[in-house]
Amino acid sequence: MSKRRIGILTSGGDCPGLNATIRGVAKACYNLIGEDKIDIIGISDGFHGLIHNECREMNPSDFSGILTQGGTILGTRRTPYKMMQVVEDDKIDKVAEMKQTYKSRKLDCLLTLGGNGTHKTANLLSEEGLNVIGLPKTIDNDIWGTSVTFGFNTAVDIATEVVDRIHTTANSHSRVMVIEIMGNKAGWLTLYSGVAGGADIILIPEVPYDIEKVAAAVDSRAKAGKGFSIVAVAEGAMDSSEAKMKKKDRSRIRSENGYVTATSRIARDIEQLTGFETRTVVPGHMLRGGSPSAVDRVLATKFGARAARLILDEKYGYTVAKIGTEIGENLLSDVTMKTKFVPLDDDVVIAARDIGISFGD
């Protein structure tokens, strides 16, 4: 029997746990299938590398010592799904070139580690006849069908530490501190880190806010003798008027007014409505960097091992998922074009409201 040849790539934004997952896949493949019966081909910089045939043969030693390493040893790049079937000025048919690389490298399977956009392209390639397995990565935790994605737990830990640290300076100066946390479409990261860090107000895309009610929550704390407030804001948060707009109209109006996210406007409005000194904090890409948490290392290893099982069973067209307490998989076709939003009746939302956290609604 000839060797199985497995291509693997990481696409989209980086996050803690990518290398741990790559390691989990490789070690499980070597153990389950046999080190002498499998070749792993690393594809550089996501789908860009697949398009341009930028690949390299990996050795077992390449997967040692990377469990705790942040980022990705393969490199990553954003290649928007909406452009995958568009021939641009370079005259490259991206889908055709990816299929050609797959064929020329004699791949038996392609593993794609990424978020929603990556899964869309993975499903496209699966529909084009390639053997594809997805692995759900994103700090946003917004991939449909899995209760958690690797990278999320670590980002929650980092964001929570930011909120923790901001408490002391907010208290010292009697300020309102508005912290912008990544999450453009879904508010999972802001919700969990806001609750874990003791934020007083949490604003997420799923719950359009009324700035008057946000200001009222700040005033209420001041009247209760609390000299500071912490507002955790998802970058995709929007007020009730913006929620009624189409995305392109919302983006245009924000651009015309000189801002991209609502954070700076929220801080300005709070200061104007309450008279309290207000500052913004944007931890940004720090949330995606560094070593994965112990929880993410275990999850990444379990996801990687499950992908190896799918390869062993030649079960393609799926993405690995945590379903309840078990590690399983979903059809790629079922996952794409969907986003896992925070439900308004989520138990964390209910608990947050019960302890008096305001969502600005």
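The values are calculated or read from the model by the stated rules, or taken from the named source; none is laboratory data. The model shown is predicted, which means the values in this text are computed figures rather than measured ones. Backbone-built Cβ (ideal geometry, glycine too); neighbour counts: all protein chains shown. We work out accessible area using only protein heavy atoms, side chains counted, and drop any ligands, DNA or RNA first. Shrake-Rupley method; radii C 1.70, N 1.55, O 1.52, S 1.80 Å.
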Exercise for review: Report in % the part of the accessible area of the stretch 257-307 that belongs to carbon and sulfur, leaving out ligands and nucleic acids; probe 1.4 Å.
Suggested key: 56
Exercise for review: Restricting things to alpha carbons, find the Rg to Rh ratio for the stretch 32-149 using the Kirkwood radius for Rh.
Suggested key: 0.96
Check your understanding: Can you give the FRET efficiency for LYS246 and LYS99, using 1/(1 + (r/R0)^6), R0 = 30 Å, r = Cβ-Cβ distance, to the nearest 0.05?
Key -> 0.30
Check your understanding: What translational D, rounded to a whole number of µm²/s, comes out for the stretch 36-98 from Stokes-Einstein when the hydrodynamic radius is the Kirkwood one over Cα pairs, at 20 °C and 1.002 mPa s?
Key -> 159
Study note, to complete from the structure: Measuring from the longest principal axis of the C-alpha atoms of the chain, the long axis of helix 94-104 (C-alpha) lies at a number of degrees, nearest 10, equal to 40
Check your understanding: If you find the alpha carbon centre of the stretch 142-213 and of the stretch 312-356, how far apart are they in angstrom?
Key -> 20
Exercise for review: Grab the Cα-Cα distance for ALA294 and LYS82, subtract it from 0.36 nm times how many residues apart they are, and report the gain in nm with one decimal.
Suggested key: 72.8 nm
Review point. Tell me, what are the semi-axes, in whole angstrom and largest first, of the equivalent ellipsoid of the chain as set by the roots of 5 times the Cα gyration tensor eigenvalues?
Key: 41, 22, 17
Point to revise | Largest-first ordering by accessible area, 1.4 Å probe, given options MET238, MET286 | key: MET286, MET238
Exercise for review: Could I have the simple spin-label model distance between ASP164 and GLU212, label points 7 Å from Cα toward Cβ, reported in nm to one decimal?
Suggested key: 3.9
Exercise for review: Pull out a ≥ b ≥ c, the square roots of the eigenvalues of the alpha-carbon gyration tensor of the stretch 267-326, then state rounded if a/c is under 1.5, prolate if not and a/b is larger than b/c, and oblate in the remaining case.
Suggested key: prolate
Study note, to complete from the structure: Counting only protein heavy atoms and leaving out ligands, DNA and RNA, the solvent-accessible surface of LYS322 at a 1.4 Å probe, in Å² to the nearest 10, equals 60
Exercise for review: Considering only protein heavy atoms, with the full assembly of protein chains and a 1.4 angstrom probe, order PHE228, PHE276, PHE341, PHE303 by accessible area, largest first.
Suggested key: PHE341, PHE276, PHE228, PHE303
Exercise for review: Provide the per residue accessible area, probe 1.4 Å, for the chain, rounded to a whole number of square angstrom.
Suggested key: 44
Study note, to complete from the structure: Taking every DSSP bridge whose two residues both lie in the stretch 1-69, the antiparallel percent to the nearest 5 is 40
Exercise for review: Sticking with the crude label model, points 7 Å out along Cα→Cβ, report the distance from ASP354 to PHE341 in nm, one decimal please.
Suggested key: 2.4
Review point. Counting only protein heavy atoms and using a 1.4 Å probe, what share of the accessible area of the stretch 50-148 belongs to carbon plus sulfur, as a whole percent?
Key: 45
**Study point:** ASP36 paired with ARG56, simple spin-label distance in nm, labels 7 Å along Cα-to-beta-carbon
**Key:** 2.7
Check your understanding: Per Stokes-Einstein, at 4 °C and 1.567 mPa s, what whole-number D in µm² s⁻¹ belongs to the stretch 254-300, with the Kirkwood radius over Cα pairs as the hydrodynamic radius?
Key -> 95
Revision key, fill the gap. Which of LYS185/LYS248; LYS99/LYS120; LYS82/LYS302; LYS99/LYS340 exceed 20 Å between C-alpha atoms? The answer is LYS82/LYS302; LYS99/LYS340
Point to revise | Over the stretch 147-298, volume per residue of the alpha carbon convex hull, in Å³ | key: 115
Revision key, fill the gap. Descending accessible area (1.4 Å probe), largest on the left, turns THR10, THR72 into THR72, THR10
